[in-house]
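One structure is given here, and the rest of the page talks about it.
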Amino acid sequence: MAPVVRKRPLGCADCDNGTAPPFPFAMAFQPIINLRDQTVYAYEALVRGPEGQSAASVLAQVTPENVYAFDQSCRVRAIETAVALGLIGTGAALSINFMPNAVYRPETCIRTSLAAAAAQALPLERLIFEVTEGEQVADSAHLRGILAEYRRNRLRSALDDFGAGYAGLTLLAAFQPDIIKIDMELVRDIEARPVARKIVAAVVELCRELGIEVIAEGIETRAELGVLTGMGLNLFQGYLFARPGFQALPKPVF
């Protein structure tokens, strides 16, 4: 989806009225596993149509006029659905994608997420907010401010699709998230791609020095997994372990 930049006045009424879904949608969840402990580290919330239609069919309905309400309602829907499905009892975190260009003032726009978590008795430490490197952010200082506000509220942040987006290391240098997720195009068939192996190994070592956790996403084969575990990784996401479950928290196969 093309990035949406929308300027908003301070004290925008959408802070109070922007959480109603602008159109019907539902959630699917895919586990991120800790292979070493054989536990679910987190469930990523993925938007779907009301009957399980693709994310693309939902995102095609997002416009500059409804992007704020969509972003806010996604957060609330993800929290409410995951808790109703038993997330708290699993011990796993909940990872939610967000649109930085839909956040006009971080300390104000985070209120609905905090309120939803409180209403569902979900500890804030178990919330992760993912921003994709593929979404072009017009103002990097604005994104840093969002992540700083999240951290101040004990929320973790993740940089998704690392290595496949607009800024790469430049974006990582601008701010250090708690987690990065290495893009699936870098790990695909990595056992047969020596250059990709060197790149991923360098990223893993860099993140280790910076104190950033690394998740390898899109894992589909045991060969890919073998190379990545050899680099010391233990957090993974992909069809090898579990596909997304529509309105369900799938149990992974370790």
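The values are calculated or read from the model by the stated rules, or taken from the named source; none is laboratory data. Just so it is clear, the structure is predicted and the values come from calculations on it, not from any experiment. All Cβ positions, even for glycine, are placed from backbone atoms using ideal geometry, and neighbour counts span all protein chains on display.
For the stretch 215-239, a residue qualifies if it is surrounded by 17 or more Cβ atoms within 10 Å (Cβ to Cβ) and in contact with an Asp or Glu (Cβ under 6 Å, 6 or more places away or on another chain), and the qualifying residues are Val227, Gln237, Gly238. Picking from residues in the stretch 146-161 that are at pLDDT 85 or above and of a type in the set (A, V, I, L, M, F, W, C), the one that is farthest from Ile32 (Cα to Cα) is Leu155. Of the listed requirements (1) surrounded by fewer than 19 Cβ atoms within 10 Å (Cβ to Cβ); (2) under 27 Å from Leu59 (Cα atoms); (3) modelled with pLDDT under 90, Arg188 misses just one: (3).
Here Glu213 qualifies as touching a strand residue (DSSP E or B) at 6+ places or on another chain (Cβ under 8 Å) and among the charged types (D, E, K, R).
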